[in-house]
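Asks: I have a structure here, written as structure tokens, and I will follow up with some questions on it.
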Amino acid sequence: MSDTIKTTCLHDKHVKLGAKMSPFAGFDMPIQYSSITEEHNAVRKNVGVFDVSHMGEIFVSGKDALKYVNHVFTNDVTNLEEGKILYGMMCYPDGGVVDDLLVYKEFEDDHFLFVVNAANIDKDYRWMLENAEGFDVVIDNQSEVWGQLAIQGPASEDEVISLLGLEDSEAEEEIRNLKFYTFADAEDDKGNRVIISRTGYTGEDGYEIYATPQNINYLWDELMADGVAPCGLGCRDTLRFEAGLPLYGDELSAEISPVMAGLSMFCKLDKEEFIGKEALSAQKTDGAPRKLVGIELHDVAIPRAGYPVELEDGTQVGTVTTGYHSISLDKSICFALVDSAYSALGTALWVRVRKKSFPGEVVKKRFYQTNYKK
Amino acid sequence: MSKIIEGLLYSESHEWVKVDGNIAIIGVSDFAQAEMGDIVYIDLPSEGDEFNAGDDFGALESVKASSELYSPVGGTVVAVNNELEDSPEKVNEDPYTAWIIKVEMDDKKELDSLLNAAAYAEIAK
């Protein structure tokens, strides 16, 4: 981590709102404004807004862009239509993960946008440059000039229409009809680009808007004036966790491959080639030594990252990666990386919480039924 | 500014102690509950458990994290506020009413190493 902590374009506004601020991924970020529980419920039941301007935006273009993206990205963009988005990873040759990310197919031939985790921007950019040799591509890291808001929750569609002043306009239907993992382009009156994307990290319907810092400030103020709940990284984590979504560093890392994390559906092993293909294919065929599972405890004890996962006799067979007493489900649940022999649904496992071990069982990782716009 | 009550004693790990004869009534400070955020679960000891000063006797769990509770004095637990099992939010709402345990002290001299309200105000900020 660098010596100087970075801030997003909305930093002053978070401080003025009285947010509890904390360093995350090299940025001084809001963890909560009111309470994690209230913010979590605002997103599940109504609408909330997150400042996610810390995320990175790296643009790829050039004659070989398609071939290059398929080389560094595990998913297959060959037939990806303009305005569509794919989730996937960039992997090391050994199958470990450089980052998980979204790839947007732009409305222009041979143009793509990579949206990457804040903590990994520099590492990803270097990795992308290092692996561009022999490809006719331009890789442009614009992370510092884009801000981003995530507007999430069942009421987000109406909120976004009103926020962008689209009532009764031609664009209204376009934005309402965007399906999950698609996006639209817009411009402000000065010709600055705005990207409106039906994506999110909460398990709810929602939009993410990419724009200039000035526009992001304007949109944020409008949302606050409209009474939309500002939401911090605290509930961003509880929401994504309940929806079964991984966080880089916890459920994916240089040591935790997509196959181990149960994300091989985002690795197209039948693709001609990509970095990590051989290692991931071997893991898929031979079986990965460890697997990420969901565990539900039959007790109120709360499993936390790093707590041991055990068999009844106390033998450790894994480690918790993320755990909470789930706000939406009122259960103690966690993700854990365990020996594959103990990863089948229904397997009895214990989690050691401080001095005692508490019984539970392996359940599906998607703890909460997601509500995406299909 | 967090609330600090005159007449109570405080530990550096943010527990408060109210002395009633040989009994120490123990809770957590307003500063501690505010730092934790919404408390969703409290891991409580049982009556009859014995602790030395500085031992952890349980934990507070917020949505985000768990924080151990340390006994400011040594002794035997003579009462546990079991009401907190179902209503842990009482610690957020009124941390100085929501006592957690009562301990019969082994050695009242251990109270001398605790902080008074003025001294605690220096570290609770």
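Read the figures in this text as sums done on the coordinates, not as results from a lab. Predicted model, so just to flag it, every value in this text is computed and none were measured. Here the Cβ positions follow ideal geometry from the backbone for every residue, glycine too, while neighbour counts run over all protein chains shown.
Asks: If you line up the Cα atoms of segment A:245-319 on their principal axes, what length do they span on each, largest first, in Å?
Replies: Here the spans come out as 48, 24, 19 Å, largest first.
Asks: Hey, got the average number of other protein chain Cβ atoms within 10 angstrom for residues in A:347-354?
Replies: On the way: counts 0, 0, 0, 0, 0, 0, 4, 6.
Average neighbour count from other chains, rounded to a whole number: 1.
Asks: On to the next question. Kirkwood hydrodynamic radius of segment A:118-266 from all distinct Cα pairs, in Å?
Replies: Working: mean 1/r = 0.0569 Å⁻¹.
Evaluated on segment A:118-266, it is 17.6 Å.
Asks: Additional query: When all C-alpha to C-alpha distances in segment A:1-148 are sorted into bins of 10 Å, what percent of pairs does each bin hold, rounded to whole numbers?
Replies: For segment A:1-148, the pair-distance distribution reads 10, 35, 30, 20, 5, 0.
Asks: Between A:Ala348 and B:Ser46, what's the calculated FRET efficiency when r is the beta-carbon distance and R0 is 25 Å? Round to 0.05. The partial results should precede the final answer.
Replies: Details: r = 26 Å, r/R0 = 1.05.
Working from the Cβ atoms, E equals 0.45.
Asks: How large is Rg/Rh for chain B, to two decimals, with Cα atoms and a Kirkwood Rh?
Replies: On the way: Rg = 13.2 Å, Rh = 14.2 Å.
Radius of gyration relative to Kirkwood radius: 0.93.
Asks: What is the sum of charges, Lys and Arg at +1 and Asp and Glu at -1, for the other residues whose Cβ falls under 12 Å from the Cβ of B:Ala59? Please list the in-between numbers first.
Replies: Details: positive: A:Arg304, A:Arg354, A:Lys355, A:Lys356; negative: B:Asp43, B:Asp56, B:Glu61, B:Glu68.
For residues surrounding B:Ala59, the net value is 0.
Asks: Which of A:Ser340, A:Ser328 has the fewest other C-beta atoms within 10 Å, and how do the rest follow up to the most? Present the calculation step by step, with values, prior to reporting the outcome.
Replies: Details: A:Ser340 15, A:Ser328 18.
Placing the least packed residue first, the sequence is A:Ser340, A:Ser328.
Asks: For segment A:174-213, list residues with backbone N below 13 Å from a point placed 7 Å from the Cα of A:Lys374 toward its Cβ?
Replies: A:180
Asks: Over chain B, calculate the relative contact order: mean separation of alpha carbon pairs under 8 Å at least 6 apart, over the residue count, as a percent. Intermediate results must be reported in sequence, preceding the final value.
Replies: Values: 280 pairs, mean separation 41.0, N = 125.
Reported as a whole number, the value is 33 percent.
Asks: Something else now. If you average the alpha carbon positions of segment A:43-122 and of segment B:33-55, how far apart do those two centres end up, in angstrom?
Replies: If we compute the Cα centre of each part, the gap is 45 Å.
Asks: In which sequence would B:Ile23, A:Ile275 go, from the one with the fewest C-beta neighbours within 10 Å to the one with the most?
Replies: Values: B:Ile23 15, A:Ile275 20.
Fewest-to-most Cβ neighbours within 10 Å comes out as B:Ile23, A:Ile275.
Asks: Also: Measure up A:Lys105/A:Lys271; A:Lys123/A:Lys364; A:Lys356/B:Lys102; A:Lys84/A:Lys284; B:Lys64/B:Lys90; A:Lys284/A:Lys355 against 25 Å on the Cα-Cα distance and list the ones that go over. Display every interim value, and only then the final one.
Replies: Working: A:Lys105/A:Lys271 18 Å; A:Lys123/A:Lys364 32 Å; A:Lys356/B:Lys102 23 Å; A:Lys84/A:Lys284 28 Å; B:Lys64/B:Lys90 18 Å; A:Lys284/A:Lys355 37 Å.
Where the Cα-Cα span goes over 25 Å, the pairs concerned are A:Lys123/A:Lys364; A:Lys84/A:Lys284; A:Lys284/A:Lys355.
Asks: State which helices in chain A qualify, where a helix is a whole DSSP H run, it must extend 27 Å or more along its own axis by its Cα atoms, and its mean Kyte-Doolittle hydropathy must be at least -1.0. Mind dumping the intermediate values first?
Replies: Details: long enough: none.
Flagged H segments: there are none.
Asks: Report the extension gain between A:Asp313 and A:Lys63 in nm, rounded to one decimal, defined as 0.36 nm multiplied by the number of residues separating them, less their alpha carbon distance.
Replies: Details: separation 250, 0.36 × 250 = 90.00 nm, distance 5.94 nm.
So the chain would gain 84.1 nm between A:Asp313 and A:Lys63.
Asks: Further, regarding this structure: So for chain A, Kirkwood radius off the Cα pairs, Stokes-Einstein at 25 °C and 0.890 mPa s: how many µm² s⁻¹? Mind showing how you got there, number by number?
Replies: Values: Rh = 21.5 Å.
Taking Rh from Cα pairs, D becomes 114 µm²/s.
Asks: If you filter segment A:272-356 for GluC sites (Glu not before Pro), then keep DSSP loop positions with at most 11 other Cβ within 10 Å, what is left? Intermediate results must be reported in sequence, preceding the final value.
Replies: On the way: sites: A:Glu272, A:Glu273, A:Glu278, A:Glu296, A:Glu310, A:Glu312; in loops: A:Glu272, A:Glu273, A:Glu312.
Of the GluC sites (Glu not before Pro), the ones in loops of segment A:272-356 whose Cβ has at most 11 other Cβ atoms within 10 Å are A:Glu272, A:Glu273, A:Glu312.
Asks: Please work out the Cα center distance from segment B:3-30 to segment A:183-207, rounded to the nearest Å.
Replies: Segment B:3-30 and segment A:183-207 have Cα centres separated by 52 Å.
Asks: Whole number please: convex hull volume per residue, Cα atoms of segment A:200-351, in Å³. Don't skip to the end; give the middle numbers.
Replies: On the way: hull volume 23.6 nm³, N = 152.
It comes to 155 Å³ per residue, whole-number rounded.
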